[in-house]
Amino acid sequence: MKIIKTDNYDRDSVADILIAENINTYYGEKMVDLLNDKFSGEGSSDFYKLVEDNYKLWRGMEELV
């Protein structure tokens with residue numbers, strides 16, 4: 001599993017950022033909860049989530065051009 005930081009407002013122009021990879025599902029869920037509690041929220045543009053290892057990171061504007 002991977003932990004990524006993505007855009008909370010789902011804007012296509014913002015790229016995903018890899019935070020951690022090769023992480024256990026149990027610990028990954030705990031870490032994502034902590035990251036979202038500390039650094040995310042309604043007013044934040046960041047959102048952390050746990051994704052599968054084969055998830056392809058969105059490259060933002062590079063994908064659109």
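The values are calculated or read from the model by the stated rules, or taken from the named source; none is laboratory data. Only a predicted model underlies this, so the values are computations on that prediction, with no experimental measurement involved. All Cβ positions, glycine included, derive from the backbone under ideal geometry; neighbour counts span all protein chains shown.
Can you confirm whether region 3-10 contains a residue that is in contact with a Leu (Cβ under 7 Å, 6 or more places away or on another chain) and either at negative phi or buried (at least 16 other Cβ atoms within 10 Å of the Cβ) (or both)?
yes
Right, LYS56: within 14 Å of the chain's Cα centre (by Cα), among the basic types (Lys, Arg), at pLDDT 95 or above and not in a strand (DSSP E or B) or not?
Yes, satisfied.
Tell me which residues, restricted to region 48-65, are in contact with a helix residue (DSSP H, G or I) (Cβ under 7 Å, 6 or more places away or on another chain) and under 15 Å from ASP10 (Cβ atoms).
TYR48, LYS49
Output the number of residues of region 2-30 satisfying the condition of being among the hydrophobic types (A, V, I, L, M, F, W, C), assigned to a loop (DSSP other than H, G, I, E, B) and either in contact with a His (Cβ under 7 Å, 6 or more places away or on another chain) or within 19 Å of GLY60 (Cα to Cα) (or both).
The qualifying residues number 2.
Somewhere in region 31-51, is a residue surrounded by fewer than 16 Cβ atoms within 10 Å (Cβ to Cβ), in contact with a strand residue (DSSP E or B) (Cβ under 8 Å, 6 or more places away or on another chain) and not in a strand (DSSP E or B)?
Checked region 31-51: at least one residue is surrounded by fewer than 16 Cβ atoms within 10 Å (Cβ to Cβ), in contact with a strand residue (DSSP E or B) (Cβ under 8 Å, 6 or more places away or on another chain) and not in a strand (DSSP E or B).
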